[in-house]
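Here the structure is laid out as structure tokens; the discussion comes afterwards.
The values are calculated or read from the model by the stated rules, or taken from the named source; none is laboratory data. Because the structure is predicted, anything quoted here is derived from the model rather than measured. Cβ placement follows ideal geometry from the backbone for every residue including glycine, while neighbour counts extend to all protein chains displayed.
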Amino acid sequence: MLTDDRQLYDVLVVGVTLMALGWLIVGLVRVARRTRPGLELARPLAAAAATRIGVAALVAAVPALRPLRGPDEINFLIEAHRLAEDSSFLGPMPRGLLANLHVGYMGMQERLLEPTSDFPFRIGHIALAIVAIAIVAIAVTDLAGPRAGRISAWILAFEPTNVFFSGVLHKEAPMLLGEALVILGAVRMYQRRDALALLFMAPGIAIAWFARPYAGAALLVACAAVCVHAALRRLGPERRRAPRMLVGVGLAAIVAAAAAPAPAAVFRTVQLSQNANATDASNLALDPVDFSSLTSTGTHLGPRVKALLLQPYPWQVANANQRAGVIGTAAAWLLLTLTVMLAVTRLRLVVTTLMPLLYVIGALTLIYTLSAGNAGTGFRYRTHILVVLVAIFAVLLLAHAKPMRYLSRR
């Protein structure tokens with residue numbers, strides 16, 4: 001009887017979380033329609049939710065597929081449960097939320113719903129990814145119109161690594177949300193140079209920082225670069241630059257540089273991580289590299305970027321779990337190839353329109369190249385690079401589309 005009651009309760013909790021996800025999608029669709037006329041996201045967001053929930057349910061139902069999620073989930077769930085049990089409203093929960101964002105997020109769900117299975121947690125992570133897709137679509141709309149925004153949402157709805165890792169209880173879903181907010185803020189700063197852009201950037205950087213600090217630092221650098229570029233552009237009715245903003249970014253950069261660890265210490269930490277991964281004897285191990293100094297990093301960075309973007313190769317896979325990743329690798333290759341082909345034919349658009357996205361994708365590619373220890377980890381990290389790549393592809397594909405009217409008055 002107890003087991004039946006727990007199962008019934010879990011069904012109810014799953015139902016409640018699914019209803020909340022549905023209302024979230026309705027809210028996102030309404031916001032998109034109201035703020036970006038012509039941007040219809042109901043179908044792509046619904047498809048994104050259905051695909052992710054279906055994949056999460058399939059992996060849960062088939063024991064042979066469960067190892068695909070990796071071993072970290074169990075520890076994260078244990079940490080979330082402990083955090084929820086030991087926390088009061090003003091106790092460890094806020095500190096736990098900031099110390100390990102995705103664990104704190106699950107701890108809050110645990111306190112609120114007390115689920116008896118992990119599926120409600122997965123729906124919660126999927127919700128973060130759905131919000132991220134909507135935000136990226138809005139940013140793409142600002143660059144190339146609602147058709148481009150809609151295309152980016154459809155591609156992200158079915159991009160294989162995004163679909164899979166959105167339902168994994170790891171750092172990927174919060175990172176997707178943080179990156180999406182940074183993308184929207186960067187686009188707005190480049191186009192409008194107003195305070196609202198900072199209000200998008202700041203929470204995006206914070207989410208990324210508390211989920212994965214080194215990625216948050218990379219996004220901070222990307223935002224600073226966008227702000228500098230925006231300050232140097234002639235915007236507004238009077239076509240003015242913003243020298244005060246440039247000075248402010250410069251002063252902030254000086255303060256940040258003074259507070260940051262010494263470059264030698266950073267390179268030492270990166271190299272220690274690479275040395276530890278050099279002992280990996282798996283079939284997905286990467287060639288040893290020397291990231292111990294700026295010069296040696298510059299020498300070895302190119303091959304590692306290639307490995308991050310292209311590996312694991314289909315002929316590297318050694319088991320059923322790795323073979324499942326071939327679909328994601330093939331999709332990444334196709335998207336990368338099509339984007340490069342379009343970029344070559346539309347270089348002017350790249351320089352004039354895509355700079356905010358290029359700063360973000362450049363920063364993410366660099367930081368994940370330095371941190372990836374093997375092709376398997378790189379495969380997961382590549383999810384975040386592909387989000388920006390999808391946005392770039394959608395803009396390039398509809399280069400003829402005009403920006404929204406409300407953005408044309410610059």
Next item on the list: Among what's in segment 82-102 and is farther than 15 Å from F210 by Cα and surrounded by 15 or more Cβ atoms within 10 Å (Cβ to Cβ), pick the residue that is modelled with the lowest pLDDT.
Entry: P92
Notebook entry, point to check: If we scan segment 113-126, do we find a residue that is assigned to a loop (DSSP other than H, G, I, E, B) and either closer than 15 Å to R36 by Cβ or acidic (D, E) (or both)?
Noted result: yes
Notebook entry, point to check: Taking G236 and the conditions (1) at pLDDT 90 or above; (2) over 14 Å from the mean Cα position of the chain (by Cα); (3) farther than 30 Å from I53 by Cα, which numbered condition does it fall short on, given that it satisfies the others?
Noted result: (1)
Notebook entry, point to check: Mind checking whether some residue in segment 193-203 is at pLDDT 85 or above, charged (D, E, K, R), buried (at least 17 other Cβ atoms within 10 Å of the Cβ) and closer than 28 Å to T383 by Cα?
Noted result: no
Next item on the list: Would you point out which residue out of S293, S273 is of a type outside the set (D, E), touching a residue at least 24 places away in the same chain (Cβ under 8 Å), surrounded by fewer than 16 Cβ atoms within 10 Å (Cβ to Cβ) and closer than 26 Å to T383 by Cβ?
Entry: S273
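Yes or no, residue by residue, for (1) assigned to a loop (DSSP other than H, G, I, E, B); (2) in contact with a Lys or Arg (Cβ under 6 Å, 6 or more places away or on another chain); (3) polar (S, T, N, Q); (4) within 29 Å of H102 (Cα to Cα):
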{"residue": "F210", "(1), (2), (3), (4)": "no, no, no, yes"}
{"residue": "A215", "(1), (2), (3), (4)": "no, no, no, yes"}
{"residue": "V221", "(1), (2), (3), (4)": "no, no, no, yes"}
{"residue": "A224", "(1), (2), (3), (4)": "no, no, no, yes"}
{"residue": "P237", "(1), (2), (3), (4)": "yes, no, no, no"}
{"residue": "V249", "(1), (2), (3), (4)": "no, no, no, no"}
{"residue": "N275", "(1), (2), (3), (4)": "no, no, yes, yes"}
{"residue": "D290", "(1), (2), (3), (4)": "yes, no, no, no"}
{"residue": "S296", "(1), (2), (3), (4)": "no, no, yes, no"}
